[in-house]
Amino acid sequence: MQNSGKMKRLLFLLFIVINHTSFSQGSYGEWEQKFEQLGTMLPTPNAYRTASGAPGIDYWQQRADYKIDVTIDDENQMLYGEEVITYFNNSPDVLRYLWVQLDQNVRANDSNTPLVSPSKMSNSYSGKGLQRLTNSYTNAKGEKYNGGYKISYVKDLENKDLNYSVVSTMMRIDLDKPMSTGDSYTFKIKWSFEINDRMKIGGRGGYEYFPKDKNYSYTIAQWFPRMAVYDDKEGWQNKQFLGRGEFALAFGDYELNITVPADFIVAATGDLQNPKQVLTKKELERYERAKITFDKPVIITTQEEAIKKENNPVKNKTKTWRYKAEMVRDVAFAASRKFIWDAMAVQLDNYTPLAMSYYSKEGNPLWEEESTKAVANTLKTYSKHTIEYPYPVAISVHAASIGMEYPMICFNFGRPNDDGTYSDATKWGMISVIIHEVGHFFIPMIINSDERQWTWMDEGLNTFVQSLTQREYYSDGPLRRGTAESIVNYMRMPKDMLRPIMTNSEQIAGREFGANAYAKPASALSVLRETIMGPELFDYAFKEYSRRWAFKHPDPADFFRTMEDASAIDLDWFWRGWFYTTDNVDVSVENVKWYKMKNMDEPFENRASVKEKDIKGNKNVASDDPKYSLPFKPTEFNFSNTNQREYREFRNQVNDNAIKLENSDKNFYELTFENKGGLVTPLIIEWTFEDGSKEVEKIPAEIWRFNEKVVSKVFVKDKVVKNIILDPYKETADVNTKDNNYPRVEVKSDFDRFNN
């Protein structure tokens, strides 16, 4: 027994020596924790949110139902509203007060938004620039614009005044009696505000004035006091609205009564309840026909009918359009006598929603040709990749200089020239923004992430699915975002100009906001889908995330965890690098060595070699840099029979002669890669052989786990290699492809090409 113990200790020591020798070839480099688990960077799983990324057994969320009566004063561009809110406390907490969002106060005279916006003096100013600097805007009548809510009252159902406090863009309502779990509370708010001239002041909602025909087009959004979110992560949502970060809201049911001039057409979130009362006989017939027409849009209100109303507006008469919407987080609407209206049904697996467009003559012919078709295509693609669209309508409204979304309705730019002609840029820009904004009906209007906290969960995820839609239905058009290559210019910028994706929206400079919140996460997901996971596995996991969190409030951890849980792939390294840092992909093929087994029976001169001209790169000037050529002759290595000590205890012996014979004519290539950008990435290698054939090989990113800076790997090939290209299809977002070739091929600059 004593001898046996000594033998075991000896074998253990031998194991240590052998493995140390093996691993020393890939010695540890500078450790930056790129493959460490996110661990405590993510919130601790609990009964509300599980470690798998799914809602927990005790998951809860609040609910708010609304009954809203709103009137547009078209003479004075005022909006008057009264709402009844029923709030349900589904939380385990006792609530002593409620918080309501007052987004319109971002335009109040005492708004903090101008105060926290940095500014510098310039040598000259345009009128618009000076107006922006002084924050002195005027309305359509040339008078000083006076924005923000005017609260008439806050009452309970018995008309008793409630105590409330307005804190900039939030309002606290003090409850006479605390709300316990399961309680509901109903109260009323009456309010009004001056509608902003969106073309002067900006904003997501407002009006556009058309001086030629003296009519207005209203796109009304973020317009009524809305319940703030109270959840298990943050408690009450308490971030003030500064204009950029948007919102997350509680789901609920809405009854919406919109009173407008009698000749107006109204588009709104929800299902129209009284079409017989607000539509003409012809419009009603066309509306009903559109519900069963799947091949092309039916024009409900024609351009001729709209122009007639423009020229002969109805005064002092009104109509009330009634809408209902179930299980939505918000409502918005658009109204104008200028609207042309078309619609068509879309056949999904279980639903047939109406895709609709509302646009003025200024949008034609482009809008009649493309808008509703783009809505329908988007519903089909997003239903395939997320969840099936559950709502009755999906609406695109023509509004200059804006792209903005709300449940079932969005406002989109894209306007032809005055003579009706338009460029490809105008066409593709319009189609792109419609796809994007309709896509928001799914993300975040159903999969309800909080953009005030995490812009990328809304904009980035949506931009990614938008790119899938464009690839499927508009492959002949440009794709600005959602590919690895499209984010390269941004990622190679100086680090002090960048912020990680996991940055609050209000802390990202305006010039980089689109790249950081939209483009980079979309590109990251494209790399994840196309290169790391593969489309089938990615699509399954992404759809599972969508299913789990439909009509709920996910946060980043829920997304990260679900994508791993549904794919069986540890992606912590990917989230850490792409989302938590400003590192970029910049991998260089630093060295290539060629080896063959030494054959004592064959003189070296007769072994494999290639002509120098066949494997030499090119450079504008003469150079001795070895990177501009591959070895012309292999280095030979000796073959030796396996030492008995290598077998260790109970290991089967190998057939040395057979292994020698099998590899006697193989080519062994040792490649050394350097990670210059810091972001670990798969290695995609294209081999070009002496006979002209090619092979693409993919090495997972885990190759970097022992050394995050430099790694070497041996590849065994039957053929002699002529050329090596790293990332041949530009699918990893490598910011410098000049060092991806071996031998190096120097790419001439535009200046060099011009001079030659």
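Identification of strands (runs of 3 or more DSSP E) wholly contained in segment 652-748 with 3 or more residues that are outside the structural domain of I532 (by TED's automatic domain parsing) and either surrounded by fewer than 14 Cβ atoms within 10 Å (Cβ to Cβ) or among the small types (G, A, S) (or both) yields 694-699, 710-717. Of the listed requirements (1) free of Cβ contacts under 8 Å to residues at least 60 places away in the same chain; (2) closer than 30 Å to S546 by Cα; (3) exposed (fewer than 14 other Cβ atoms within 10 Å of the Cβ), D110 misses just one: (2). Among residues of segment 242-255 that are under 13 Å from Q222 (Cβ atoms), those with a beta-carbon under 9 Å from a residue that is outside any loop (DSSP other than H, G, I, E, B) and among the small types (G, A, S) at least six positions away or on a different chain give the pairs R244/S505; R244/G510; G245/S505; E246/S505; L249/A64. Assess whether T469 counts as being touching a Lys or Arg at 6+ places or on another chain (Cβ under 7 Å) and part of a helix (DSSP H, G or I). No: the conditions fail for T469. Restricted to segment 482-554, the set of helices (runs of 4 or more DSSP H) holding at least 3 residues that are under 28 Å from I569 (Cα atoms) and touching a Gly at 6+ places or on another chain (Cβ under 7 Å) comprises 520-527. Among the residues of segment 557-564, are any over 30 Å from K709 (Cβ atoms) and of a type outside the set (A, V, I, L, M, F, W, C)? Within segment 557-564, one or more residues are over 30 Å from K709 (Cβ atoms) and of a type outside the set (A, V, I, L, M, F, W, C).
Being without any contact (Cβ under 8 Å) to a residue 60 or more places away in the chain and aromatic (F, W, Y): is that true of Y422 here? Yes: the conditions hold for Y422. Of the residues contained in segment 128-148, none is found to be closer than 28 Å to N238 by Cα, in a loop (DSSP other than H, G, I, E, B) and among the charged types (D, E, K, R). Number of residues in segment 559-574 that are hydrophobic (A, V, I, L, M, F, W, C) and not in a loop (DSSP other than H, G, I, E, B): the value is 5.
Looking at A290, A343, A306, A335, just one residue is under 20 Å from S396 (Cβ atoms) and within 29 Å of the chain's Cα centre (by Cα), and that residue is A343. The residue that is farthest from A355 (Cα to Cα), counting only those in segment 273-285 that are touching a strand residue (DSSP E or B) at 6+ places or on another chain (Cβ under 6 Å) and of a type outside the set (V, I, T), is N274. Pairing each residue of segment 40-58 that is not assigned by TED's automatic domain parsing to the domain that holds D558 with any residue that is part of a loop (DSSP other than H, G, I, E, B) and of a type in the set (K, R), provided the two are 6+ apart or on different chains, yields C-beta distances under 9 Å for P43/K233; Y48/K233; R49/K233. Report yes if Y216 is closer than 28 Å to K319 by Cβ, in contact with a helix residue (DSSP H, G or I) (Cβ under 7 Å, 6 or more places away or on another chain), of a type outside the set (D, E, K, R) and assigned to a strand (DSSP E or B), otherwise no. No: the conditions fail for Y216.
Of the candidates P535, P500, the single residue that is assigned by TED's automatic domain parsing to the domain that holds S567, closer than 22 Å to P728 by Cβ, touching a helix residue (DSSP H, G or I) at 6+ places or on another chain (Cβ under 7 Å) and of a type outside the set (F, W, Y) is P535.
The values are calculated or read from the model by the stated rules, or taken from the named source; none is laboratory data. Worth saying up front: this structure is predicted, and the values here are computed from it rather than measured. Positions of Cβ are generated from backbone atoms using ideal geometry, with glycine treated the same way; all protein chains shown enter the neighbour counts.
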